[in-house]
1. I'd like the residue in the stretch 207-237 that is surrounded by 15 or more Cβ atoms within 10 Å (Cβ to Cβ) and either hydroxyl-bearing (Ser, Thr, Tyr) or assigned to a strand (DSSP E or B) (or both) and, out of all such residues, is modelled with the highest pLDDT.
2. Examine the stretch 169-179 for a residue that is crowded, with 18+ Cβ neighbours inside 10 Å, charged (D, E, K, R) and in contact (Cβ under 8 Å) with a residue 12 or more places away in the chain, and state whether such a residue exists.
3. Of the residues that make up the stretch 158-165, is at least one crowded, with 19+ Cβ neighbours inside 10 Å, in contact with a Phe, Trp or Tyr (Cβ under 6 Å, 6 or more places away or on another chain) and under 22 Å from Pro243 (Cβ atoms)?
4. If Arg110 satisfies every condition in (1) over 25 Å from Asp12 (Cβ atoms); (2) surrounded by fewer than 22 Cβ atoms within 10 Å (Cβ to Cβ) but one, which is the exception?
5. Among the helices (runs of 4 or more DSSP H) confined wholly to the stretch 116-206, which include 1 or more residues that are more than 20 Å from Gly40 (Cβ to Cβ)?
6. Here are some conditions: (1) surrounded by fewer than 18 Cβ atoms within 10 Å (Cβ to Cβ); (2) free of Cβ contacts under 8 Å to residues at least 40 places away in the same chain. Arg307 meets all but one. Which one does it not meet?
7. Could you pull out the residue among Lys330, Lys354 that is farther than 13 Å from Glu301 by Cα, at pLDDT 95 or above and among the basic types (Lys, Arg)?
Amino acid sequence: MMTKRKLYRGSDTRRAQNIAELRAMAAARVPNFCFEYLEGGADDELTLRRNRSSYDAITLLPHTLVDVSERDLGCELFGSRIAMPMVIAPTGFNGLLSHEGDLMLAEAAREAGIPMCQSMVSTVELERLAATGVRHWMQIYPFKDRDNIAKIVKRAERAGSEAIVLTTDVALFGNREWDRRNYRAPMKLDAANLLHVAMSPRWVWDVLVPHGMPRFKNLGDFLPPGQDSARNAATFLSKQMDPSLNWRDVQWLRDLWPRKLIVKGILLPSDALRAREMGVDGIVVTNHGGRQLDGCPAPIEVLPQIREAVGPGMTVIIDSGLRRGSDFVKARALGADAAMTGRATLYGLAAGGKPGVLRALEILRTEIDRTLGLLGCPVLGEVGADFVRAPACRL
C-alpha cells in the first residue's frame, strides 16, 4: 500500500532534499510571527497561490537523443557571467530570521557565483555586504524624503554597488491581514505569539540573545533618534511610503545614479517599454511575491509579452513563485535573463542560517542541472520557447 510522502523536519539542513523540506524546518525553528511574515500574501492570497500554480501549469517538452554529458548552467547578466540564472531577491527584516541574515545571504550568493540585491530595510550596513565581494545590488523604496534617498544612493556608489533597484509597487502597503492578527498593538505581539517565542529557544539564542532586537542599519537619516530597532521603526517607515511616486522620480534617479538602474514592479508591456525609453538598464517582472495587489497576474504569465515588447537588448528578470530549479529553466525559456529567489533562500536562512542558504542554493543548482539534462538542452543559453508549453495569457 502506498504511504503518504513525508517531509523531513529535523534540524540538519544538509539532509533537506528540496525547498519544501527547508520550509518545514524553518517553520519548526522560528516563531509563528516570523514565519507568517516570510510566508504571507495580501487579502485572500489569490495572487500568492497563482504565482505557484502558474509554474505548475507550464509543461516541459524534452528533446531526445541529445548529448547531455556536459551541462552549462551559466549565463550573462549585464555583461558578466553568473554561475546560474539566479539573483538573491531584496527582502527586509532578515535579521529576524537569523542573526545578520543579510550577511549570510550575501556570503552564500558570492560562493554560489550569483548577485545579491540587498533590501533598503536590511539590518546590516550596505557597506559590509558590498565588502564581501558579492555582486552587490542595492534596493530602495519610494520614501518621501528624496534627500535621504540620495544619501543611500551615494553610499551605494562609494561602496561599489553594481546596481540600484527601485521598487515601484509599494506606494501603498498591501493588506496583509495575517500580519496584523499576530499583534495586539503595533509591533506588540499578542499572548499566543509571545508564548510561541518562548517555545523557540534556538531562534531566541540566535536572534535575541545576546544581540537584542535587530536594527535597521541603512536608515539612520530617516528615523527619529534611538528608533532604529525593527520593533520601533516599522510603523514609522510605513508612513514614509510615497503614493506620489511616478516616472519623473525614475528620471531623477537615472540622473543621479551612474551605473545599472533596475525598476522592480513591472507587470505590463507598456510599463516595460516606458522604462526602456527612460534609459533604465533592466526591469524585474514581479507582483511583489503576492504581498501587494491581490488578484493580479503571475509574472511568468506575462513574461513572454513583456520580452516581446522590449526586445532582446534589455535585461529582464522575473521573481515570485519559484520553488524548483525547473522553474528557473521555465523562466529562461519564456524570456527571462535570470530570476530572483526570495522565499526559497529565506526558508534556508530561517531553517539554519548560512548553511541553510547554501543548501537551498545547492538544491536549486542541482535541480537546474538535472532539468537541463533531462530536457535535452545541455546549455542554459539555448533554452527557448520550443522547450515549454505555457497556457496563453493575453493582457
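The values are calculated or read from the model by the stated rules, or taken from the named source; none is laboratory data. Computed from a predicted model, the values in this text were never measured in an experiment. All Cβ positions, glycine included, derive from the backbone under ideal geometry; neighbour counts span all protein chains shown.
1. Once the filter is applied, the top-ranked residue is Arg215.
2. If we filter the stretch 169-179 for residues that are crowded, with 18+ Cβ neighbours inside 10 Å, which is where we start, we get 169-170, 174.
Now narrow it down to the ones that are charged (D, E, K, R): 169.
Within this subset, residues satisfying the condition of being in contact (Cβ under 8 Å) with a residue 12 or more places away in the chain are 169.
Yes; the residues of the stretch 169-179 include at least one that is crowded, with 18+ Cβ neighbours inside 10 Å, charged (D, E, K, R) and in contact (Cβ under 8 Å) with a residue 12 or more places away in the chain.
3. The answer is yes, given that some residue of the stretch 158-165 is crowded, with 19+ Cβ neighbours inside 10 Å, in contact with a Phe, Trp or Tyr (Cβ under 6 Å, 6 or more places away or on another chain) and under 22 Å from Pro243 (Cβ atoms).
4. (1)
5. Details: elements: 126-130, 146-159, 177-180, 191-198.
Result: 126-130, 146-159, 191-198.
6. Among (1) surrounded by fewer than 18 Cβ atoms within 10 Å (Cβ to Cβ); (2) free of Cβ contacts under 8 Å to residues at least 40 places away in the same chain, Arg307 violates only (1).
7. On the way: Lys330 fails: farther than 13 Å from Glu301 by Cα.
Exactly one of Lys330, Lys354 is farther than 13 Å from Glu301 by Cα, at pLDDT 95 or above and among the basic types (Lys, Arg), namely Lys354.
Residue-by-condition table, conditions (1) within 21 Å of Asp369 (Cα to Cα); (2) touching a helix residue (DSSP H, G or I) at 6+ places or on another chain (Cβ under 6 Å); (3) touching a residue at least 40 places away in the same chain (Cβ under 8 Å):
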position: Val68; (1), (2), (3): yes, yes, yes
position: Ile82; (1), (2), (3): yes, no, yes
position: Gly101; (1), (2), (3): no, yes, yes
position: Ala106; (1), (2), (3): no, yes, no
